[in-house]
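The values are calculated or read from the model by the stated rules, or taken from the named source; none is laboratory data. Source: prediction; values computed, not measured. Note: ideal-geometry Cβ built from the backbone for every residue, glycine included; neighbour counts use all protein chains shown.
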């Protein structure tokens, strides 16, 4: 595990993550920080705790809106779905490369 120091809404936090997940963690921290700054900037919420709750609700709402409500993909996370598409594209590239005529 690697220690990662981050700042969210002006407060410093130390987090631990696998080195391979560091970039994703930093992207998530930036996203949360931006959302919290936006909530704070709207001026309707004063305490950091309430800002965090409001930002969390907004993020959760967006996440839930991205999920397919019914059907075969209803329980598939967006990241999993993207990985499945990437895997299929890789497989197609392999098959197309193997089927290409040789000169």
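Identify, please: which residue in the stretch 1-16 is more than 22 Å from residue 60 (Cα to Cα) and touching a helix residue (DSSP H, G or I) at 6+ places or on another chain (Cβ under 7 Å) and is, among those, surrounded by the fewest Cβ atoms within 10 Å (Cβ to Cβ)?
Filtering the stretch 1-16 for residues that are more than 22 Å from residue 60 (Cα to Cα) and touching a helix residue (DSSP H, G or I) at 6+ places or on another chain (Cβ under 7 Å), the one surrounded by the fewest Cβ atoms within 10 Å (Cβ to Cβ) comes out as 2.
Hey, could you check the stretch 18-39 for residues that are crowded, with 16+ Cβ neighbours inside 10 Å and in contact with a strand residue (DSSP E or B) (Cβ under 7 Å, 6 or more places away or on another chain) and say which is farthest from residue 4 (Cα to Cα)?
Selected residue: 36.
Here is a yes/no grid of residues against (1) more than 17 Å from residue 79 (Cβ to Cβ); (2) modelled with pLDDT under 90; (3) not in a helix (DSSP H, G or I):
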residue: 14; (1), (2), (3): yes, no, yes
residue: 21; (1), (2), (3): no, no, no
residue: 25; (1), (2), (3): no, no, no
residue: 36; (1), (2), (3): yes, no, no
residue: 45; (1), (2), (3): yes, yes, yes
residue: 49; (1), (2), (3): yes, no, no
residue: 53; (1), (2), (3): yes, no, no
residue: 61; (1), (2), (3): yes, yes, no
residue: 65; (1), (2), (3): no, yes, no
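From the list 6, 32, 95, pick out the single residue that is at pLDDT 90 or above and over 15 Å from the mean Cα position of the chain (by Cα).
Exactly one residue qualifies, and that residue is 6.
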